[in-house]
Amino acid sequence: MASQHIVIFNDTHGWHSNQLLNAFADYDVDVTLADLADCAIDLNAEHGLWIPGLEGKLPDAVIVRGIAPGTLEQITLRMDILHTLAELNIPVQNTAKAIEHTVDKARTSLRLHLAGITTPKTWACENSQKAQRIAEQQLKQGHALVLKPLFGCQGKGIKKITSLAELRKQIPVGDAFYLQHYIEPYTPNQWQDWRLMVIDNQVVAAMSRHAKHWITNFAQGADCLAATINDDMMALALNASKAVDAAYAGVDIIRAQDGSYTVLEVNSIPAWKGLQQATGINIAHHIVQAINKRLTTTPQTEHAQH
């Protein structure tokens, strides 16, 4: 029987791809590193797809590690590839569906809210006057706000809004206002949150992030430490990953001043370098274990006859 073929999609293959390659070394599989931007729809092929490095064949499983920025049309084509692979019964981590639920912060907020998962009060709109009315009302009630790009990560481009004058100075990315309640830290002036890595409905690693300012991302210089989590945090993370249909996800949780926990964000293409350094846990090993389990349990369909 021929070795199974895995594709890892990323626009820049580096540390994370190497971690996955090392984890796959324990399995009888071939691994191809590819970029979704280099794939194509080709109706000359029976399955309608062309993926570089596969000589016209389809993979047995896919791991999505990164997707390059692009135009709406380019991103749509890349999502078409991922949607079709899943429709051909090929295990994909994470699917286009999960990525679409999380790459857009407003969509994530809606999914969490409709699933009954605690998350900060959020507003998203295109109208600047409406955004100012929302801000005015919330500021009068004593709530500071955070303005975030609808698409973004690593704490880039986010602004804390404590007055209408501050909001008026902002030029929102893409003319879309995504406003969220600022969560005051549980301990005053001690900014901390948690990143929990959920893989196949299990929390496999967790770290706390501590910063000297309110932005606590690892990429922004936060200190990351291995953390012990409680049942409330675990339940929030598991339910949040289910709400966005993610096979693996990084879930960010913060503790409010009243002691309760709330989900800030869910990332379906999470980096894990900081988490691995903090905990010593081989995250790639868990991701590979999960995809291998799906490979052994997914019924063989037409795509396997290649």
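The values are calculated or read from the model by the stated rules, or taken from the named source; none is laboratory data. These numbers were taken from a predicted model, which means no experiment stands behind them. Here Cβ is always computed from backbone atoms with ideal geometry, including for glycine, and neighbour counts include all displayed protein chains.
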Any residue that is in contact (Cβ under 8 Å) with a residue 24 or more places away in the chain, surrounded by 17 or more Cβ atoms within 10 Å (Cβ to Cβ) and touching a Phe, Trp or Tyr at 6+ places or on another chain (Cβ under 6 Å) - is there at least one of those in region 55-75? yes
Scan region 64-119 for residues that are of a type in the set (Ser, Thr, Tyr) and assigned to a helix (DSSP H, G or I) and jot them down. 76, 84, 102, 108, 109
Got at least one residue in region 239-247 being under 30 Å from residue 29 (Cβ atoms), surrounded by fewer than 22 Cβ atoms within 10 Å (Cβ to Cβ) and modelled with pLDDT under 95? no
What is the one condition in (1) at pLDDT below 95; (2) touching a helix residue (DSSP H, G or I) at 6+ places or on another chain (Cβ under 9 Å); (3) of a type outside the set (Ser, Thr, Tyr) that residue 253 does not satisfy? (1)
Please work out which residue is nearest to residue 267 (Cα to Cα), limiting yourself to region 136-175 and to residues that are of a type in the set (A, V, I, L, M) and in contact with a Phe, Trp or Tyr (Cβ under 9 Å, 6 or more places away or on another chain). 150
Enumeration of residues in region 146-193 that are aromatic (Phe, Trp, Tyr), modelled with pLDDT of 90 or more and either part of a helix (DSSP H, G or I) or farther than 15 Å from residue 213 by Cα (or both): 177, 178
What do you reckon, is residue 23 in a helix (DSSP H, G or I), assigned by TED's automatic domain parsing to the domain that holds residue 69, in contact with a His (Cβ under 6 Å, 6 or more places away or on another chain) and surrounded by 15 or more Cβ atoms within 10 Å (Cβ to Cβ)? yes
For residue 57, all conditions in the list (1) farther than 25 Å from residue 271 by Cα; (2) at pLDDT 95 or above hold save one; what is the number of the exception? (2)
